[in-house]
Amino acid sequence: MAFKDLKFPDGFHWGTASSSHQSEGGNHNDWTEWEKIPGNIKDGSDTSVACDHYNRYEGDFSLAKEFGHQVLRFSIEWSRIEPQQGRWNDSEIAHYRSVVKTVLDRGIRPMMTLHHFTNPLWFRDLGAWLNPESPEIFGRYAKKVAESFADLDIIWNTINEPMVVAAMGYLYGDFPPQEKDFGKSQTVTQNMLMAHGYAATQIREIHDKQGRLQPQIAPVLSVSYFMPHNPENPDDVNLAAYLDEIYNHTWIRGAVTAKIPDLEGNNHRFKPLENSVDFIGMNYYSRMVVSSEMDFLAGEVPEKDPDLPRCDGLDWEVYPEGYYPIIKSYWDSYKKPLFMSENGIGTKDDTLKRAYILKHLQQVHQAIQDGIDIRGYLVWTWVTNFEWAEGFGSDFGLVGMEPETLNRIPRESAYMFKDIIQNNGLTKELQEKYLR
Ligand code: GCO
């Protein structure tokens, strides 16, 4: 195959993404408690230290700067900022202000997520996202954060992957609170949609009140490419379409159209959602093949393709061909600018990691060529970190970490990504080097 230079548009944003709980160490939230229960984390690890990023963020961001980053996506930890309901920890707010300023000082744009999976313990005890008041409670947290951060030039992410919270926490029971109840997962989805609306409204109002320019606000969605196991079987085709709708589309359509679908499929206008989406963050990792002969909602899926490489632990197939169609369906459906807010693979094999990134970027490039407005691309992740229920068993980092010293060790994939950023795209030579 002959490679060509693949240039990205001027102003395209390159960088990496991470989250507080996966990298900081020393948190105390619902995940911390859950990690202590034997069997919950596959390799028995926990986040007591994680990457010690809470103390090492300056070094991590300096390294990111050396490698050319233009955007750093990270989250702030709700449980640190609001350790008890309505009680704010000013020194933690100061800490995160310094995190943001450290990013800005390096000439990098901060993309800050308010909620990335973890909940304060008091919120868990109130029933977390099943509590009908959870959207307002989250809105009050967003208000406090907006008041404290509106003077800083931040790209705001409200909620990370609401569908993953709903599916993994309330349907498959692989994340806390380990429920297996489709109805509950639907309630969580709705409450997180309202919470996003309240958060966006608060962020806008506070910026107005303080006389600041309106920032860019986005929710971040996990997307997957659903495929029928047997494309000749209409039941498989219908199942794939149904799951595509409920996993990829229902939530974001609600946010974009400011309508909340209820369990009967009726829509209710919800004013706080108006003007809540400036762009859509899309996290893509893999496809999902589904069969009508199996119970998908109970976690049953057909055997994976033995010829495709997989992500360690999570067992996701490498399937770059699914990236383009899901990007296109988002663009066609919502006509909002898109931001590839996470993409990457957990593997010890850096050769595979490099090829993964290049092949996915070829898809992104094609989508841009076809007129789709994509603003940036972030690799998950910079320094390898705690991969939720996998523990440290699935290594997504461009930068490795020595277990004893926690020293950061950039991998060849980090240098490759630097080359991509410097060239604002994939040179022919780079593709020849890593895709041959
Ligand atoms: C997210 C992601 C990350 C994961 C990554 C690899 O929610 O943004 O789940 O937290 O680490 O997707 O699984």
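Does at least one position in segment 36-51 carry a residue that is among the acidic types (Asp, Glu), surrounded by fewer than 23 Cβ atoms within 10 Å (Cβ to Cβ), within 15 Å of the ligand (Cβ to nearest atom) and part of a loop (DSSP other than H, G, I, E, B)? Checked segment 36-51: at least one residue is among the acidic types (Asp, Glu), surrounded by fewer than 23 Cβ atoms within 10 Å (Cβ to Cβ), within 15 Å of the ligand (Cβ to nearest atom) and part of a loop (DSSP other than H, G, I, E, B). Contact annotation: residue pairs with Cβ atoms under 9 Å, 6 or more positions apart or on different chains, pairing a residue in segment 16-34 that is away from the ligand (no atom under 11 Å from the Cβ) with a partner that is among the basic types (Lys, Arg), are Thr16/Arg73; Glu24/Arg80; Asn27/Arg80; His28/Arg80; Asn29/Arg80; Asn29/Arg124; Asp30/Arg124; Glu33/Arg124. Would you be able to say whether some residue in segment 289-307 is buried (at least 16 other Cβ atoms within 10 Å of the Cβ), outside any loop (DSSP other than H, G, I, E, B) and small (Gly, Ala, Ser)? So far as segment 289-307 goes, no, none of its residues is buried (at least 16 other Cβ atoms within 10 Å of the Cβ), outside any loop (DSSP other than H, G, I, E, B) and small (Gly, Ala, Ser).
Is there a residue being farther than 19 Å from Asp153 by Cα, of a type in the set (A, V, I, L, M, F, W, C) and touching a residue at least 40 places away in the same chain (Cβ under 8 Å) anywhere in segment 57-66? Within segment 57-66 (the criterion being farther than 19 Å from Asp153 by Cα, of a type in the set (A, V, I, L, M, F, W, C) and touching a residue at least 40 places away in the same chain (Cβ under 8 Å)), the answer is yes, since at least one residue qualifies. Return the residues of segment 318-345 that are closer than 18 Å to Glu161 by Cα, within 14 Å of the ligand (Cβ to nearest atom) and part of a loop (DSSP other than H, G, I, E, B); say none if nothing qualifies. Passing the criteria: Asn343, Gly344, Ile345. Looking at Val165, Val145, just one residue is of a type in the set (Val, Ile, Thr), in contact with a His (Cβ under 9 Å, 6 or more places away or on another chain) and either more than 17 Å from Ser20 (Cα to Cα) or in a helix (DSSP H, G or I) (or both), and that residue is Val165. If you go through segment 245-270 and keep only what is assigned to a helix (DSSP H, G or I) and without any contact (Cβ under 8 Å) to a residue 40 or more places away in the chain, you end up with Glu245, Ile246, Thr257. In the set (1) buried (at least 22 other Cβ atoms within 10 Å of the Cβ); (2) among the acidic types (Asp, Glu); (3) without any contact (Cβ under 8 Å) to a residue 40 or more places away in the chain, the condition left unmet by Glu77 is number (3). Please verify whether Ser341 is open to solvent by less than 60 Å² (accessible area, probe 1.4 Å) and out of contact with any helix residue (DSSP H, G or I) (no Cβ under 7 Å at 6 or more places or on another chain), treating the condition exactly as stated. Here the answer is yes, as Ser341 does meet what is asked. Of all residues in segment 166-213, exactly one satisfies the criterion of being in contact with a Lys or Arg (Cβ under 6 Å, 6 or more places away or on another chain) and surrounded by fewer than 20 Cβ atoms within 10 Å (Cβ to Cβ), namely Gly173. Taking the criterion of being more than 16 Å from the ligand (Cβ to nearest atom) and either of a type in the set (A, V, I, L, M) or crowded, with 23+ Cβ neighbours inside 10 Å (or both), the residues of segment 356-369 that qualify are Leu358, Leu361, Val364, Ala367, Ile368. Scan segment 411-436 for residues that are crowded, with 17+ Cβ neighbours inside 10 Å and in contact with a Phe, Trp or Tyr (Cβ under 6 Å, 6 or more places away or on another chain) and the total you get is 5.
There is no residue in segment 263-285 that is basic (Lys, Arg), within 25 Å of the chain's Cα centre (by Cα), farther than 30 Å from Arg310 by Cβ and surrounded by fewer than 18 Cβ atoms within 10 Å (Cβ to Cβ).
Residues being open to solvent by 60 Å² or more (accessible area, probe 1.4 Å) and in a helix (DSSP H, G or I) are entirely absent from segment 215-230.
The values are calculated or read from the model by the stated rules, or taken from the named source; none is laboratory data. The structure displayed is predicted, hence computed values, not measured ones. Methodologically, a virtual Cβ is constructed for each residue, glycine included, from the backbone with ideal geometry; neighbour enumeration extends over all protein chains shown. Ligands, DNA and RNA are stripped out before the accessible areas are found, and what is left, the full protein with its side chains, is counted by its heavy atoms. Shrake-Rupley method; radii C 1.70, N 1.55, O 1.52, S 1.80 Å.
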